[in-house]
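Quick notes on the structure that follows.
What follows draws every value from the coordinates through simple rules; no lab data is involved. Every value quoted in this text rests on a predicted model; they were computed, and no experiment measured them. Methodologically, a virtual Cβ is constructed for each residue, glycine included, from the backbone with ideal geometry; neighbour enumeration extends over all protein chains shown.
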Amino acid sequence: KAGVTQTPRYLIKTRGQQVTLSCSPISGHRSVSWYQQTPGQGLQFLFEYFSETQRNKGNFPGRFSGRQFSNSRSEMNVSTLELGDSALYLCASSSGEGGSETQYFGPGTRLLVL
Amino acid sequence: KQEVTQIPAALSVPEGENLVLNCSFTDSAIYNLQWFRQDPGKGLTSLLLIQSSQREQTSGRLNASLDKSSGRSTLYIAASQPGDSATYLCAVLTSGTYKYIFGTGTRLKVLA
């Protein structure tokens, strides 16, 4: 079974631009979560989608948004990029039903904002 | 609000040593706890998942324990090898949420 895939793997943008990251979950998984990892703040939860609905949200500004499609693939968008948005963005998928399932993480997208 | 702490922040040991990494959390109402490994510049690899009803899990040279009442988990690595060098993260899934709260990690270096 294929794992979680994220595209692109690396991205360079300039301040003020916007960016869209994509995540394809493991087949059959309906939940996709997004996390941001920076050296200063560590790994922080952005949001989680289940069956095309945002079910949970972290403490990030409205510039960070996401969506999930009917095939469970998810996209994350960051508008008006700031230097501090440079980070590794990880997505994770799980069945989404019940709290005991494992979340499987993708390889991440490394975003550099210049 | 769930907070997860990992001690030590960094650890350097000679090859062959047994070692223990610590993780503590403030809210004992958890669904599960996971230990992850992260190599530099890479994503996360799940090592062990402990359900809230379990006390420990084992995989090869790794053993993780969970004591919910005291808000602690330990990851025991037996006979460490240079290939074990990485950052180890613990993450807690709190009841009523679908998000993991991560610790800041322990950076492990095993010297040959």
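Assuming 1.567 mPa s and 4 °C, estimate D for the protein assembly as shown with Stokes-Einstein, Rh taken as the Kirkwood radius over Cα pairs, in µm²/s. Mind dumping the intermediate values first?
Values: Rh = 18.0 Å.
This corresponds to a translational diffusion coefficient of 72 µm²/s.
Listed by chain and number, the lysines whose alpha-carbon sits under 24 Å from that of B:K42, ignoring those within fewer than 8 places in the same chain, are A:K1, A:K13, B:K99, B:K109.
About the Cα centre, and with charges only on the beta carbon of Lys, Arg (+1) and Asp, Glu (-1), how big is the dipole of the range A:1-83? Nearest 20 debye, please.
On the way: 10 positive and 4 negative charges, 18 e Å.
Using Cβ point charges on Lys, Arg, Asp and Glu, the range A:1-83 gives about 80 debye.
The alpha-carbon atoms of chain A define a convex hull whose volume equals 95 cubic angstrom per residue. Karplus-derived 3J(HN,Hα) values for the range A:109-114, using 6.51 cos²θ - 1.76 cosθ + 1.60 with θ = phi - 60°, are 10, 9, 10, 10, 10, 9 Hz; glycine and proline are entered as x. The HN-Hα couplings worked out from phi for the range B:21-30 by the Karplus form 6.51 cos²θ - 1.76 cosθ + 1.60 (θ = phi - 60°) are 10, 10, 9, 10, 9, 8, 10, 7, 7, 10 Hz, whole numbers, x standing for Gly and Pro. The stretch between B:V13 and B:S95 holds 25.9 nm of extra length on full extension. This uses 0.36 nm per residue minus the Cα-Cα distance.
Give me A:T38, A:T109 ranked fewest to most by other Cβ atoms within 10 Å of their Cβ, as a rough exposure proxy. Don't skip to the end; give the middle numbers.
Working: A:T38 13, A:T109 22.
Going from sparsest to densest Cβ surroundings: A:T38, A:T109.
Could you give the Stokes-Einstein D for chain B in µm² per second, using the C-alpha Kirkwood radius, 20 °C, 1.002 mPa s? Approximately 154 µm²/s, per Stokes-Einstein. Dipole magnitude for the range A:54-111: about 100 debye, using +1 per Lys or Arg Cβ and -1 per Asp or Glu Cβ, origin at the Cα centre.
Kirkwood hydrodynamic radius of the range B:30-69, from the reciprocal of the average inverse Cα-Cα distance over all distinct pairs: 11.0 Å.
If I take every Cα pair under 8 Å that is 6 or more residues apart in chain A, average their sequence separation and divide by the length, what percent do I get for the relative contact order?
Details: 292 pairs, mean separation 41.1, N = 114.
RCO, chain A: 36 percent.
Partner shielding of B:95-104 amounts to 6, given as the average count of beta-carbon atoms from other chains within 10 Å of each residue beta-carbon. Computed over chain A with a Gaussian network model linking Cα atoms closer than 10 Å, the most mobile of A:E52, A:E97, A:E82 is A:E97.
Sorted fewest first by neighbouring Cβ atoms within 10 angstrom, A:F47, A:F64 come out as A:F64, A:F47.
Relative contact order, percent, of chain B when contacts are C-alpha pairs under 8 Å separated by at least 6 residues? The partial results should precede the final answer.
Values: 291 pairs, mean separation 41.6, N = 112.
Relative contact order for chain B comes out at 37 percent.
The ranking of A:Y35, B:Y31, A:Y10 by Cβ neighbour count inside 10 Å, starting from the fewest, reads A:Y10, B:Y31, A:Y35. Among the trypsin sites (Lys or Arg not before Pro) in the range A:45-75, those placed in a DSSP loop whose Cβ has at most 13 other Cβ atoms within 10 Å are A:R63.
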